[in-house]
Amino acid sequence: MNALEFSFGNAVGHFQKTGGPKGFLWKFALTYALFAIIVQGLSLYLMAPIYAAAFNPIVMEDPDMMDQIMLENMGRVLLGYLVSFVFGILMWILFEAASQRRYMRADGFSLKLGGDEGRLLVVGLFWLGLVIALYIAFAVIMLVLVALVGAMSAIGGGDGMMIIASLLTFVLVVALSLVAIWVCVRFSPAAALTIRDRKIRFGSAWRVTKGRVWTLIGSWLVLGLIMMAILIALYIVFAVLAVLSLMPAIQSGADDPAEIMAAFASPTFLIPAILFGLVYMMLAGGMMHVFGGPAALAARTDPGWADESAMNETFG
């Protein structure tokens, strides 16, 4: 792996400069899409009675019948949510580990359950704790602000005081949101550091991102805009294909629910929808890897990483 310096351009395009066996990105994206489709398909199967009822006009017009269907299928619905939750966590661990091994060790694409994945699970728990702490801090500050505004309103200050209070609330919400983003960016290389050192690293990420926050934020904004443009183009293509496939039903002025559902179940609609879902999931998987690049570059160019034996073990 060639030595890289931490810069905006390198951060945006780091996914192209990892070294290692070729074909990683498309293998990562395709496998991610297939896993996601299987998990979502299983979840949809378990919750199929609820979705069927939601698209049945007769059931939707009868609250008692809808409640009865919900009660009869409560176990399947809960199992569907559990499947989505458990397999969602498993997917993140597997694919995050594969992504960071590429960035930090120039490995080829592989999925496995081992030490890397176990350590990333702990890092994920640290992230969960951090997010909960930020939400609690935000809630406490907002409660204090609401109490102050209520006190000022009780004392009486006229419309001017209420305008000042509203502006203060807005400024405080924006400021707290920026602080939360800044804190999350400071810890963003935690997964990369954990894979790099083969040890759980979370607090060390704070040191690694010193002086690099705005470069990281800027690179993610650019990547986000690129992703948004691609998704908009994809949605436009799918919308055009969907309208063309449903045009016969639209032109005939069909108002029979069965006829409308038949149009949505026709191959001319289902095939583009399935292809759209596959391409969308591939993009989501690809961008998961690409978005990890800037933080991984921060870990890769850590000026405090002076352990030559560890570097030789990782990159040798």
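Where a number appears in this text, it was derived from the coordinates with a stated rule and is not lab data. This structure is a prediction, so every number in the text was calculated from the model and none was measured. Heads up, the Cβs are rebuilt from the backbone with ideal geometry, glycines too, and the neighbour counts pull from every protein chain shown.
The table below lists the values:
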{"read-out": "Å³ per residue enclosed by the Cα convex hull of region 114-236", "value": "167"}
{"read-out": "Highest-first arrangement of 210-221, 74-85, where packing means the average Cβ count within 10 Å", "value": "210-221, 74-85"}
{"read-out": "Those lysines that a straight Cα-Cα span of less than 17 Å connects to Lys22, excepting residues fewer than 8 apart in one chain", "value": "none"}
{"read-out": "Cα-based reach from Lys210 at 17 Å (exclusive), listing lysines while leaving out same-chain residues under 8 positions away", "value": "none"}
{"read-out": "Order by protection proxy (mean Cβ within 10 Å, highest first), peptides 282-293, 172-183", "value": "282-293, 172-183"}
{"read-out": "Gained length - Val279 relative to Ile89, 0.36 nm times residue gap less alpha-carbon distance", "value": "66.2 nm"}
